[in-house]
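The values are calculated or read from the model by the stated rules, or taken from the named source; none is laboratory data. Values in this document were obtained by computation on a predicted structure and should not be read as measured data. Cβ sites come from the backbone with ideal geometry, for glycine too, and all protein chains shown count toward neighbours.
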Amino acid sequence: MAEGRRRAEPRRRRGLGLDVIDIEAEHVRAFREAADALGLPATPIARSGGGGHHLYVAPLGLGTRRLVLHGVHIGELKGSGGVLVPPSVTTGAYAWLRPPSDVPVADAPAWLRTLAHGPRHEGPRAHGRLSPSRAVALVAGLHRVVAEAREGERNAVLFWAACRAAEHGVDPDAAAEILLAAALQAGLPEREARATIASGLAR
């Protein structure tokens, strides 16, 4: 292997399995805005030679998929093959923005799964279901509404949000995780919030 071009295998890195979230340079800003709104744990991040971002996360078990945000293809989830890592050089130098020596590889948040889109065109969706990118946009809006709900209305708003997520076929585990985070931010007790979310998602 040529000097300065190191390659990390998504399924094996010093005995630790990992996937790589490969965001193209022109879509880094949109991805970071989504991550700021929905939350992203500290995990190793590198800047690619072309100015994109590589986020290293624990395996999602989805293989290699396209990443779609708001209907736009923004990059790839790489669960097989390999990617270049710092200090590789292509059109530019790869560099760590947050090196693995500072933070361990973290689990990807549930919302990140909704960005992963199949490599091929899928058949017609069930009535009321959203594309993965629109599901992310919907859940981001629901998170904001719940987090900003006023005292006395928080439980009702949370129930409405859970019903809304279920109505559009949002993955229930992802919806529950995101809505719970919003409810706790709003000040609802965790036990009460979990019960309300479960009731709404079951409708």
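Before we move on, is P44 surrounded by 15 or more Cβ atoms within 10 Å (Cβ to Cβ), over 12 Å from the mean Cα position of the chain (by Cα), more than 19 Å from G92 (Cα to Cα) and at pLDDT 90 or above? Please lay out each step first, then the result.
Numbers: surrounded by 15 or more Cβ atoms within 10 Å (Cβ to Cβ): yes; over 12 Å from the mean Cα position of the chain (by Cα): yes; more than 19 Å from G92 (Cα to Cα): yes; at pLDDT 90 or above: yes.
Considered against the rule, which asks whether it is surrounded by 15 or more Cβ atoms within 10 Å (Cβ to Cβ), over 12 Å from the mean Cα position of the chain (by Cα), more than 19 Å from G92 (Cα to Cα) and at pLDDT 90 or above, P44 comes out as yes.
Looking only at segment 147-164, decide whether some residue is outside any helix (DSSP H, G or I) and closer than 24 Å to L60 by Cα.
no
Output the number of residues of segment 129-174 satisfying the condition of being touching a residue at least 60 places away in the same chain (Cβ under 8 Å) and aliphatic (A, V, I, L, M).
Restricting attention to segment 129-174, the residues satisfying the condition of being touching a residue at least 60 places away in the same chain (Cβ under 8 Å) are 131-134, 136-137, 139-140, 143-144, 171, 173-174.
Okay, now just the ones that are also aliphatic (A, V, I, L, M), so 136-137, 139-140, 174.
Residues meeting the conditions: 5.
For segment 61-81, state whether one or more residues are in a strand (DSSP E or B) and surrounded by fewer than 16 Cβ atoms within 10 Å (Cβ to Cβ). Let's see the steps before the verdict.
Within segment 61-81, the subset in a strand (DSSP E or B) is 65-69, 72-78.
Still in the list and also surrounded by fewer than 16 Cβ atoms within 10 Å (Cβ to Cβ): 72-73.
There is at least one residue in segment 61-81 that is in a strand (DSSP E or B) and surrounded by fewer than 16 Cβ atoms within 10 Å (Cβ to Cβ).
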